[in-house]
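Everything on this sheet refers to the single structure shown next.
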Amino acid sequence: MIIKSRRKNKRRPFDPILLLVLLLTIGLTALLIKANYTIPVTSFGLAAEVARFQPRSGVESPVTAVLLNFRGYDTLLEVMILLIAVIGVWSLTKAPFPQKAVKTSPVQLAVVRLLAPLMCLVAAYLVWQGSHLAGGAFQGGAILGGAGVLLLVAELPWLRTIHSRPLRIGLLIGPLFFLGVALLGIINGRELLTYPGKWSGSLLLLIESTCAVSIGLTLASLFAGGRPADDLIGQTKTPACNREQKRC
Amino acid sequence: MLTNNLYNLCGLLLFGMGLFALFACSHLLRKILAVNIMSSGVFLVLIATAYRPLGAGEIDPVPHAMVLTGIVVSVSVTALALILACRVQETSNHSLSQSERNTNDGDSEE
Amino acid sequence: MTDNILAAFDLVLITTLLLLAWKLLSCEDIFTAVVLFISFGLLMALAWVRMRAPDVALAEAALGAGLTGPLLLAALRRMERIRKYERRLDLDEERNDYKKPKKKQAPPL
């Protein structure tokens, strides 16, 4: 304990640079707080606009309407960012499954058997609910991702032999469908990301369900932390080789 | 308007705290946590600006949609950053990991 | 009356959030920090509900508790494993000073 406290004292000497950073951070925060109070109180944002165009969006929930219809760009780019994150993770490592199969405890197995289908059901409900109440593609996708995390934590043996091709198709289906619908607007002589008025409700629901599947798979593969074992790219350098190279 | 200001203040303080920790902490995981705190602060400011008390007008759904997008993006960015941090620790040479061990906060091993 | 209760709730929630953030950024043990971060995310979900943003609250509760937490914990485990392996290498080096260090298997990642 004494050693620890001595180390702690030694570790935090009076550092002028740290003090400067502290002062700068406090100054920045104070400026931000001051700027925040200059925002006019009477501005009511875009609530009235959204409410005015709500009937034409095809959904009843204002947040879903903004997400997928009025500001579809944001969502499209965001789905692409998720895809890029997965590409980044997959290009770094293979999924670190343990070398030999571990025996999952029966309690955990029972919990997974009970919860995983239930979570899929909840995800589907949230996506469907998104058109009129709180919910939507992101919430549903998050629940699906949680189900994937549950399966991965239980270390079920079939997870490590998952093929990469169906996984890739699953990851791509949402972004590609969304992009296709967005481009369809251009082909039909309208602008990007505009939907035909009559069909917009069902189209939005379709986009939401495919995106939820993709988001769920994306989050689960982000948790897996690497590409599947049978991926197209060959074996990269293991950390041991790197270390030996540095030594030499 | 008081509630908005309170939560705005909370968000900005969280942002400042995270910013300072981002500079001051040396452990990579702690830096990632600090960035997450910062993003939570920004989201809180956005949502608090859109908030109206019950019966005092409509709530602006545009910031809600933006924050919803931001939360999902911040999770994916966190995942990528964590993988990169693991990679840094794998490939960093001995002297670096030695100095890191002396300054970081993972004291549980001593 | 309701306003007073709500104001008290706001104050308690904001104080808890700020203290939790402070604690998790300044505490010694990184594992404690991760656990505190998970609880911070759940309290944030409560704040979203208070701000009448149920969509955001749903996403935050599912992502903050269900995904960010396990992600951080898994990364922590991986990092600890790497560090333990490196410490073993260090001990080896100290034992046979200036000799070529023994070759070891890569850590099972």
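On the given criteria, is C:R77 at positive phi, within 12 Å of chain A (Cβ to nearest Cβ) and either open to solvent by 70 Å² or more (accessible area, probe 1.4 Å) or not in a helix (DSSP H, G or I) (or both)? Show your work before the answer.
Details: at positive phi: no; within 12 Å of chain A (Cβ to nearest Cβ): yes; either open to solvent by 70 Å² or more (accessible area, probe 1.4 Å) or not in a helix (DSSP H, G or I) (or both): yes.
It is false that C:R77 is at positive phi, within 12 Å of chain A (Cβ to nearest Cβ) and either open to solvent by 70 Å² or more (accessible area, probe 1.4 Å) or not in a helix (DSSP H, G or I) (or both).
Got at least one residue in the stretch A:65-73 being within 30 Å of B:F20 (Cα to Cα) and more than 8 Å from chain B (Cβ to nearest Cβ)? Scanning the stretch A:65-73 turns up no residue that is within 30 Å of B:F20 (Cα to Cα) and more than 8 Å from chain B (Cβ to nearest Cβ). Looking at (1) at the interface with chain B (Cβ under 8 Å from one of its Cβ atoms); (2) under 19 Å from A:Y195 (Cα atoms); (3) among the β-branched types (V, I, T), find the lone condition where A:I81 falls short. For A:I81, the failing item is (2).
Taking the numbered list (1) among the hydroxyl-bearing types (S, T, Y); (2) assigned by TED's automatic domain parsing to the domain that holds A:L204; (3) open to solvent by less than 80 Å² (accessible area, probe 1.4 Å) in turn, A:Y73 passes all entries but (3). Of all the listed residues (B:I47, B:I83), the sole one being open to solvent by less than 20 Å² (accessible area, probe 1.4 Å), out of contact with any Cys (no Cβ under 7 Å at 6 or more places or on another chain), within 10 Å of chain A (Cβ to nearest Cβ) and at pLDDT 90 or above is B:I83. For the stretch A:81-95, check the following and say yes or no: at least one residue is of a type in the set (K, R), at pLDDT below 90, assigned by TED's automatic domain parsing to the domain that holds A:W128 and part of a loop (DSSP other than H, G, I, E, B). No, the stretch A:81-95 has no match at all. With respect to the stated conditions, A:A110 is farther than 30 Å from B:G57 by Cβ, exposed (fewer than 15 other Cβ atoms within 10 Å of the Cβ), more than 9 Å from every other protein chain (Cβ to nearest Cβ) and at pLDDT 90 or above.
The single condition from (1) open to solvent by less than 30 Å² (accessible area, probe 1.4 Å); (2) at pLDDT 90 or above; (3) more than 7 Å from every other protein chain (Cβ to nearest Cβ) that C:V49 fails is (1). Being over 30 Å from B:A50 (Cβ atoms), more than 9 Å from every other protein chain (Cβ to nearest Cβ) and not in a loop (DSSP other than H, G, I, E, B) is a property that holds for A:L121. Considering only residues in the stretch A:81-107 that are under 26 Å from the mean Cα position of the chain (by Cα) and open to solvent by 50 Å² or more (accessible area, probe 1.4 Å), the one that is farthest from A:S214 (Cα to Cα) turns out to be A:F97.
The values are calculated or read from the model by the stated rules, or taken from the named source; none is laboratory data. Just so you know, these numbers come straight off a predicted model, no measurement behind them. A quick note on method: Cβ atoms are made from the backbone with ideal geometry, for glycine too, and the neighbour counts reach across all protein chains shown. What goes into the accessible areas is simple: the full protein's heavy atoms, side chains included, and nothing from ligands, DNA or RNA. Shrake-Rupley method; radii C 1.70, N 1.55, O 1.52, S 1.80 Å.
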